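First comes the structure, then the notes that go with it.
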Amino acid sequence: MNLLLEGEESNRLIFRKVSKSDFNAWLPFHQEPLSSLYFAGEILEPEVACRNWFTKVFTRYENNLGGLNALISKEDGQLVGMCGLLIQTVDEIQELEIGYSILPEYWKKGYATESAKKCKAYALEHQLAESIISIIHIDNIGSQKVALNNGMHLDKTTTYKGIPVHIFRALLYPNR
């Protein structure tokens with residue numbers, strides 16, 4: 001099953017695989033302290049954090065665990081953020097997650113919601129799962145709003161990789 005949205009488009013965005021050449025464009029994400037506020041683990045220098053991020057993206061690609069897509073603005077061709085479908089294990093259950101992160105200069109412009117909705121529609125169209133989740137730190141109100149705008153509901157609160165998270169869920173086939 002193909003979890004990457006390579007070649008897909010939304011109203012303002014083109015989805016493509018992340019490439020190594022995206023590193024410098026993505027570095028500002030890690031230079032903004034608020035970006036990593038809700039991530040588990042130690043605080044790293046921006047370049048190290050960005051390298052680790054890219055390693056995780058490419059490891060997912062190589063192991064067919066889904067992955068983040070680069071979100072490219074149709075208007076100016078710039079990298080806006082990353083969003084995609086990820087295979088995750090939460091409370092010992094394998095789930096399909098919509099993950100999203102947007103570069104700080106594009107925050108609060110609807111890109112996270114737009115890309116997350118596209119991922120949900122893609123999962124539904126390709127019948128990838130019965131339901132889809134987003135794993136969100138309990139204090140990350142902005143990402144919680146994105147999940148709610150994507151038709152998800154708070155399913156449960158748990159611990160994921162050592163941090164307290166809300167699991168937002170949407171049933172893709174509610175009438176089954």
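The values are calculated or read from the model by the stated rules, or taken from the named source; none is laboratory data. No experiment lies behind these values; they were computed from the predicted model shown. Reconstructed Cβ throughout: ideal geometry from the backbone, glycine too, with neighbour counts over all protein chains shown. All accessible areas refer to the heavy atoms of the entire protein, side chains included, with ligands and DNA or RNA removed. Shrake-Rupley method; radii C 1.70, N 1.55, O 1.52, S 1.80 Å.
Some points to look at:
- Computed [θ] at 222 nm, helices only, for the chain once each DSSP H run of length n ≥ 4 contributes -39500 (n - 2.57): -9000 deg cm²/dmol
- The stretch between Q94 and L37 holds 18.0 nm of extra length on full extension. This uses 0.36 nm per residue minus the Cα-Cα distance.
- Positive-end residue, the chain charge dipole about Cα centroid, Cβ charges, pick of V165, I93, I14: I14
- Straight-line cross-link reach from K17 at under 24 Å between alpha-carbon atoms covers these lysines, not counting any fewer than eight positions away in the same chain: K56, K74, K108, K109, K117, K118, K120.
- Among the protein heavy atoms of the chain, carbon and sulfur supply 50% of the accessible surface, probe 1.4 Å, non-protein parts ignored.
- Whether the chain is rounded, prolate or oblate, judged on the alpha carbon gyration tensor where a/c under 1.5 counts as rounded: rounded
- Accessible area (Å², per residue) of the range 43-105, counting only protein heavy atoms and a probe of 1.4 Å: 49
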